[in-house]
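Just so it is clear, none of the values below were taken in a lab; they were calculated from the coordinates. These figures come from a predicted structure and were not determined experimentally. Positions of Cβ are backbone-derived with ideal geometry, glycine not excepted, and every protein chain shown enters the neighbour counts.
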Amino acid sequence: MAVYLDYAATTPVDKKIIKGMLEHSDIYGNPSSIHRIGKEAKAFLEENRQKIAEAIGAKPEEIIFTSGATESNNLAIRGTLSHFNREVNVITTEVEHMSILETVKGLKTHVKYVPIQENGLINLNELNKKIDENTALVSLHYVNNETGAIQPVKEIKESLPEDVLLHVDAAQAVGHVNVNVDDLGVDLMSMSGHKLYAPKGVGVLYIRSGTHLHAQLVGGKQERERRAGTENLLYSYAMSEAVKEAVQLKDERNSVILSRKEILIDGLNEAGVEFKVNGDL
């Protein structure tokens, strides 16, 4: 029998979420339509947006539905940096997800990389040394997808000048650590459904009110003109249920994961198996 241990890559879809999607499949209107069926669809979409906002301490209008964390990361970086009509730079690290690294490389903007310490964390002093009057954005993993290192997001934001935006990729963070955006102080935060028992193909970008962001997918006024395209109603439902449950069950899930981690490490030690922790216990 196979044992699946690759949940950081993707999770199976929760059967309760599938059941809920089927139960709501009769809501099929286009949320942009002005007739009754369209208005019902719009109300359903906004209800799902509200659930996500409540789960992370945000306002509903700060939530943008996307196709996943990769698109959310692209939109966060490209959308904010394209607002500036002067030369700016962005700060990141060399251990980010490729959707951050490839995006910043593809821009004409100058990129600065903060070195990572042996435990997988950035050094705040080194970060502050990289910041100058042209720094517009810092973009980082909240929880690294390979090492599990948890960046001190709140401390990072508090160390930044007021006019420097902080974007965090929280695809691996939801359900494991605090993702309340007011507690953290982040300006932008990306999330992915398929890391949380929702289907592949849905995600969210949180963008703090007052943060300028230019749409990168154009051709419609959806998502308050920040992402064009007819909204995926059933996937918005799946994402809202997944985020709500992940936040509510965080402590319970972490307790299970911690106990299994200890069993694994103790077992390896008892068996005399040589291993190396890629990160920090």
For Thr10, state whether it is closer than 29 Å to Val111 by Cα, of a type in the set (S, T, N, Q) and either in a helix (DSSP H, G or I) or touching a residue at least 24 places away in the same chain (Cβ under 8 Å) (or both). no
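Would you mind stating whether Glu96 is touching a His at 6+ places or on another chain (Cβ under 8 Å) and charged (D, E, K, R)? Full working, then the answer.
Working: touching a His at 6+ places or on another chain (Cβ under 8 Å): yes; charged (D, E, K, R): yes.
Against the criterion (touching a His at 6+ places or on another chain (Cβ under 8 Å) and charged (D, E, K, R)), Glu96 qualifies.
Being of a type in the set (A, V, I, L, M, F, W, C) and in a loop (DSSP other than H, G, I, E, B) is the filter here; which residues of region 170-192 pass it?
Across region 170-192, the qualifying residues are Ala170, Ala171, Ala173, Val174, Val177, Val179, Val186.
Residue check: is Asn128 outside any helix (DSSP H, G or I), surrounded by fewer than 19 Cβ atoms within 10 Å (Cβ to Cβ) and in contact (Cβ under 8 Å) with a residue 12 or more places away in the chain? Quick ask: steps written out before the conclusion?
Values: outside any helix (DSSP H, G or I): no; surrounded by fewer than 19 Cβ atoms within 10 Å (Cβ to Cβ): yes; in contact (Cβ under 8 Å) with a residue 12 or more places away in the chain: yes.
The answer is no for Asn128.
For Gly229, indicate whether it is of a type outside the set (A, V, I, L, M, F, W, C), part of a loop (DSSP other than H, G, I, E, B), farther than 14 Å from Asn73 by Cα and within 12 Å of the chain's Cα centre (by Cα).
Working: of a type outside the set (A, V, I, L, M, F, W, C): yes; part of a loop (DSSP other than H, G, I, E, B): yes; farther than 14 Å from Asn73 by Cα: yes; within 12 Å of the chain's Cα centre (by Cα): no.
Answer is no for this residue.
Taking Arg253 as the residue in question, decide whether it is more than 22 Å from Gly38 (Cα to Cα), touching a helix residue (DSSP H, G or I) at 6+ places or on another chain (Cβ under 9 Å) and not aromatic (Phe, Trp, Tyr). Show your work before the answer.
Values: more than 22 Å from Gly38 (Cα to Cα): yes; touching a helix residue (DSSP H, G or I) at 6+ places or on another chain (Cβ under 9 Å): yes; not aromatic (Phe, Trp, Tyr): yes.
Spelling it out, Arg253 is indeed more than 22 Å from Gly38 (Cα to Cα), touching a helix residue (DSSP H, G or I) at 6+ places or on another chain (Cβ under 9 Å) and not aromatic (Phe, Trp, Tyr).
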Could you tell me how many of the residues in region 210-225 are touching a helix residue (DSSP H, G or I) at 6+ places or on another chain (Cβ under 6 Å) and over 14 Å from His83 (Cβ atoms)? 0
Glu94 vs (1) out of contact with any Phe, Trp or Tyr (no Cβ under 6 Å at 6 or more places or on another chain); (2) part of a loop (DSSP other than H, G, I, E, B); (3) not polar (S, T, N, Q): all pass except (1)
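Listed here are the residues, each with its yes/no results for (1) of a type outside the set (Gly, Ala, Ser); (2) under 19 Å from Val90 (Cβ atoms); (3) surrounded by fewer than 20 Cβ atoms within 10 Å (Cβ to Cβ).
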{"residue": "Gly148", "(1), (2), (3)": "no, no, yes"}
{"residue": "Lys154", "(1), (2), (3)": "yes, no, yes"}
{"residue": "Ser159", "(1), (2), (3)": "no, yes, yes"}
{"residue": "Asp163", "(1), (2), (3)": "yes, yes, yes"}
{"residue": "Asp169", "(1), (2), (3)": "yes, yes, no"}
{"residue": "Gln172", "(1), (2), (3)": "yes, no, no"}
{"residue": "Gly175", "(1), (2), (3)": "no, no, no"}
{"residue": "Asn178", "(1), (2), (3)": "yes, no, yes"}
{"residue": "Asp183", "(1), (2), (3)": "yes, no, yes"}
